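See below for the structure under consideration.
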């Protein structure tokens, strides 16, 4: 038994000598396989650094992170176009619609065309107390129509250049709002019929600015950008926004009132000669739904007067519950492709609720000095509780009446009978 271990070592020695060549081959094969696996892992985990010198031609410097499947995209909006798997989610962050005081807001997508691989469209931005940028860059996700299942989609940069260069650097004030139109372009990687083009809000937008005499870019998270009117829905299917906006009209210094099921908006049209009496404006208004969430609902508004400007909106089919601030920057497009935007007077100082009903006029001001409905209800509940407690205490502490001594009475009667 004591010789078993030395014999085993001897056999192993002879086996290694006999199979040395095959062992080396196996080791070499295993090493090669490990190298391939390591290279692929490194390629997936690495950050792809892309450089370019001509941003105007559709390429730009920037980092792009090739994230694993089922994870949201990340990286630089200006990075070169790339192909991603179709199971990679897009725009998981969504869009904001109730940040009316945001410095940068998106108003409208329009004029989409696609010829071969070239994509063109327009977008209106609204700036508040921030310098107007010459260029904006954001990321798009492109899917294609195909009879065969397509496992790959394109992630491409989109470059938007301002139409009116005289506005670059201007800082719009609260009293001088204006929509700024941009021409955008992008290039698809695949020469196939386009199925859908989506704005990817998971990757920050870039806005140009001049710093120390040079143009640089600020990165802006989409959580800081507000989407007004139908622009949030439009961003999810850009290819459906084929109509080109021909002109814009602002209804400034607007005040709201309610007459049963009609919302009345009165202000000043700028310019005053673009709209005519009787024109229908399908205005998208942020309103509170039955679930308590704010959603954009479209109402048909009729131009009742051009001077002063007046829109009457019919809310009979979907009663309105909104605020002055939520009414601010509501948009609508007429049949002749004129974009109408409502600018509410003192929107950031007025907390008035605007509600339409089927019978009575009702406008409730939350900022008034009187008690709110909740406060009144709380007082009533407290009073009822106090009265109930007092009643219970009175019942518990009441002194009981002395009992009647029936035994004594019965005894006396017995004596008399005797």
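A few notes on this one:
- Centroid-to-centroid separation of the stretch 288-302 and the stretch 136-199 [C-alpha atoms, Å]: 27
- One chain, two ends: residue 273 and residue 233. Fully extended at 0.36 nm per residue, the span grows by 11.4 nm beyond their Cα-Cα distance.
- Placing pseudo-labels 7 Å out from each Cα toward the beta carbon at residue 163 and residue 146 gives an inter-label distance of 3.6 nm.
- Taking the inverse of the mean reciprocal distance over all distinct Cα pairs, the Kirkwood hydrodynamic radius of the stretch 97-249 comes to 16.2 Å.
- Near-label residues of the stretch 188-208 by backbone N, under 15 Å of a point 7 Å along Cα→Cβ of residue 215: 206-208
- Separation in nanometres of the label points that stand 7 Å from Cα toward Cβ, at residue 185 and residue 304: 4.7
- Eigen-decomposition of the gyration tensor built on the alpha-carbon atoms of the stretch 247-365 gives equivalent ellipsoid semi-axes of 22, 15, 13 angstrom, largest listed first.
- Computed from the C-beta positions of residue 116 and residue 318, the FRET efficiency with R₀ = 51 Å rounds to 0.75.
- Potential extension, residue 244-residue 289 segment - 0.36 nm per residue separation minus Cα distance: 13.1 nm
- Of interest is the spacing of the C-alpha centroids, which for the stretch 249-273 and the stretch 92-129 amounts to 25 Å.
- With the simple spin-label model, which puts each label point 7 Å out from Cα in the Cβ direction, the residue 87 to residue 175 separation comes to 5.9 nm.
- In terms of packing, defined here as the mean over residues of other Cβ atoms within 10 angstrom, the peptides 206-216, 245-255 line up highest first as 245-255, 206-216.
Each reported figure results from applying straightforward, stated rules to the coordinates on display, with no laboratory input. On a predicted model such as this, the values are computed, not experimentally measured, just so you know. Cβ: placed from backbone, ideal geometry, glycine included. Neighbour counts: every protein chain shown.
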